[in-house]
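**Q** Take a look at the following structure, please.
The values are calculated or read from the model by the stated rules, or taken from the named source; none is laboratory data. Because the structure is a prediction, the values reported are computed rather than measured. Backbone-built Cβ (ideal geometry, glycine too); neighbour counts: all protein chains shown. To get the accessible areas, we keep the full protein, side chains included, count just its heavy atoms, and leave off ligands, DNA and RNA. Shrake-Rupley method; radii C 1.70, N 1.55, O 1.52, S 1.80 Å.
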Amino acid sequence: VQLQASGGGLVQAGDSLRLSCAASGGTFSNYFMGWFRQAPGKEREFVAAISLSGCSTYYADSVKGRFTISRDNAKNTVYLQMNSLKSEDTAVYYCAARTRYYYSGYAEHYDYWGQGTQVTVSS
């Protein structure tokens with residue numbers, strides 16, 4: 001499956017942004033989906049994940065209550081709604097797909113990756 005992330009940009013602290021990740025070349029509803037991010041000089045970290053049906057969602061503590069992950073299987077797209085953005089949210093955001101049907105927050109457990117989209121939050 002190929003993943004294409006979009007929606008990043010430069011925003012001010014407190015603003016909102018919605019990322020999208022469009023999938024092609026596979027059966028999207030068969031993939032557990034996740035969002036990760038990587039800031040300069042730091043390791044890639046888990047942000048959020050969503051089950052195949054969208055009924056279950058998982059979040060890193062740092063974004064819980066501010067970010068919302070969702071998916072539209074009819075559009076082969078997963079979203080990340082980011083509210084109340086902080087400067088520490090600045091990173092390249094990646095969407096990823098996992099062929100296993102259960103949750104993991106480890107990047108090495110995801111099989112397919114998008115190219116990343118830059119999010120910069122100015123304070």
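**Q** Which one is nearest to Gly114 (Cα to Cα), of the residues in the stretch 61-88 that are open to solvent by less than 30 Å² (accessible area, probe 1.4 Å) and touching a residue at least 60 places away in the same chain (Cβ under 8 Å)?
**A** Among residues in the stretch 61-88 that are open to solvent by less than 30 Å² (accessible area, probe 1.4 Å) and touching a residue at least 60 places away in the same chain (Cβ under 8 Å), the one nearest to Gly114 (Cα to Cα) is Leu80.
**Q** Looking only at the stretch 15-29, which residues are more than 17 Å from the chain's Cα centre (by Cα) and open to solvent by 50 Å² or more (accessible area, probe 1.4 Å)? Steps first, please.
**A** Pass one, the stretch 15-29, residues more than 17 Å from the chain's Cα centre (by Cα): 15, 25-27.
Correct list: Asp15, Gly25, Thr27.
**Q** Right, another one. With the condition kept exactly as written, say whether any residue in the stretch 81-89 is within 13 Å of the chain's Cα centre (by Cα), in a strand (DSSP E or B), under 22 Å from Ser24 (Cα atoms) and polar (S, T, N, Q).
**A** As a first pass, look at the stretch 81-89 and keep what is within 13 Å of the chain's Cα centre (by Cα): 81-82, 89.
When the remaining residues are screened for being in a strand (DSSP E or B), the result is 81-82.
Okay, now just the ones that are also under 22 Å from Ser24 (Cα atoms), so 81.
Cutting the leftovers down to polar (S, T, N, Q) gives us 81.
There is at least one residue in the stretch 81-89 that is within 13 Å of the chain's Cα centre (by Cα), in a strand (DSSP E or B), under 22 Å from Ser24 (Cα atoms) and polar (S, T, N, Q).
**Q** What number of residues within the stretch 1-26 are in a strand (DSSP E or B) and in contact with a Leu (Cβ under 9 Å, 6 or more places away or on another chain)?
**A** The qualifying residues number 13.
**Q** Can you go through Tyr94, Tyr58 and tell me which one is within 17 Å of Gln118 (Cα to Cα) and either open to solvent by less than 30 Å² (accessible area, probe 1.4 Å) or not in a loop (DSSP other than H, G, I, E, B) (or both)?
**A** Selected residue: Tyr94, the only one of Tyr94, Tyr58 that is within 17 Å of Gln118 (Cα to Cα) and either open to solvent by less than 30 Å² (accessible area, probe 1.4 Å) or not in a loop (DSSP other than H, G, I, E, B) (or both).
**Q** Also: Pairs please, first residue from the stretch 1-20 and of a type in the set (Lys, Arg), second anywhere and assigned to a loop (DSSP other than H, G, I, E, B), Cβ atoms under 8 Å, 6+ apart in sequence or on different chains.
**A** Listed pairs, sorted by first residue: Arg18/Gly7.
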